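The structure under discussion appears below in the form of structure tokens.
The values are calculated or read from the model by the stated rules, or taken from the named source; none is laboratory data. A quick note: this is a predicted structure, and the numbers were derived from the prediction, not measured. Cβ: placed from backbone, ideal geometry, glycine included. Neighbour counts: every protein chain shown.
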Amino acid sequence: MTTKELIATEIGTLNERDLNELYALIKKFADSKKRAASPSLMSKLKRVKINAPPDFARNLDLYVSGEKSVR
């Protein structure tokens, strides 16, 4: 028997109240899997590419204040 068949067999033995409780549990589980599948903020930030001079990070304050400029 497949896992789906085993689950279906067990579901067939439950009363309506237990089925409602099981549905809520399954829905919560499925929703958590959907959220886990979407990319996290950190994974999105890793894809950010910055086209800047080699000293940009070290001298960010100078670039922001205008003492240095990106040409």
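A search for C-beta distances below 7 Å between a residue of the stretch 40-56 that is in the same structural domain as Val70 (by TED's automatic domain parsing) and any residue that is among the aromatic types (Phe, Trp, Tyr) and surrounded by fewer than 10 Cβ atoms within 10 Å (Cβ to Cβ), counting only pairs 6+ apart in sequence or on different chains, returns nothing. Only one of these is of a type in the set (A, V, I, L, M) and within 24 Å of the chain's Cα centre (by Cα): Ile11, Ile50, Ile7. Name it. From the options Ile11, Ile50, Ile7, the qualifying one is Ile50.
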